[in-house]
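Colleague: Below you will find the structure I want to go over with you.
Readers should treat all values here as calculations from the given coordinates under stated rules, not as data from a laboratory. Note that the coordinates shown come from a computational prediction; the quantities given were computed from them, not determined experimentally. All Cβ positions, even for glycine, are placed from backbone atoms using ideal geometry, and neighbour counts span all protein chains on display.
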């Protein structure tokens, strides 16, 4: 047998990995389809069935893209806007009373550009209570956003954000401070068909 010819065991392992990958991709496709269904109740049911933990009163609007929902935990009274990307390949924890606007991308996995195999790196993301993330912001892996912080629209967050800080820009930098420190509001009920 030629030393470059893979063994039967190696071939079998590759086949199993490929089959598992197809099933995972199909599951993501099903969740993508469910994400466009105009009912919060049904979307939450299927997201929880896929392993996502969603707190009481939280809403995920339509068109959300998910990567490994079993690694995503969302607190109570949190709203996730339309067409948001949530990455659970590393742990993603979103606190209570968090408002995530439309088209936000939250990643906790990226490629190691210095790896010969361009390997994936996973780093958890945590978003504390009472945070607001503006439309089209991007949160990179390994970030913690402190309680009551504000991320401006279009910001790219590459470093952790202190509590009550207001950050904006590319890369995001501190541009202000949230004056109100005693936060205890509720975000309210979801829009039925969003």
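Colleague: Answer yes if at least one residue in region 170-192 is surrounded by fewer than 13 Cβ atoms within 10 Å (Cβ to Cβ), touching a residue at least 40 places away in the same chain (Cβ under 8 Å) and farther than 17 Å from residue 97 by Cα, and no otherwise.
Modeller: Yes: region 170-192 contains one or more residues that are surrounded by fewer than 13 Cβ atoms within 10 Å (Cβ to Cβ), touching a residue at least 40 places away in the same chain (Cβ under 8 Å) and farther than 17 Å from residue 97 by Cα.
Colleague: Considering only residues that are part of a loop (DSSP other than H, G, I, E, B), within 21 Å of residue 58 (Cα to Cα) and either in contact with a strand residue (DSSP E or B) (Cβ under 6 Å, 6 or more places away or on another chain) or touching a residue at least 40 places away in the same chain (Cβ under 8 Å) (or both), which ones fall in region 135-163?
Modeller: Within region 135-163, 135, 137, 146, 147, 149 meet the criteria.
Colleague: Answer yes or no: is there a residue in region 1-18 that is surrounded by 10 or more Cβ atoms within 10 Å (Cβ to Cβ), in contact with a strand residue (DSSP E or B) (Cβ under 7 Å, 6 or more places away or on another chain) and over 24 Å from residue 186 (Cα atoms).
Modeller: no
Colleague: Is it fair to say residue 166 is assigned to a strand (DSSP E or B) and on the phi < 0 side of the Ramachandran plot?
Modeller: Values: assigned to a strand (DSSP E or B): yes; on the phi < 0 side of the Ramachandran plot: yes.
Judged against the criteria, residue 166 is a match.
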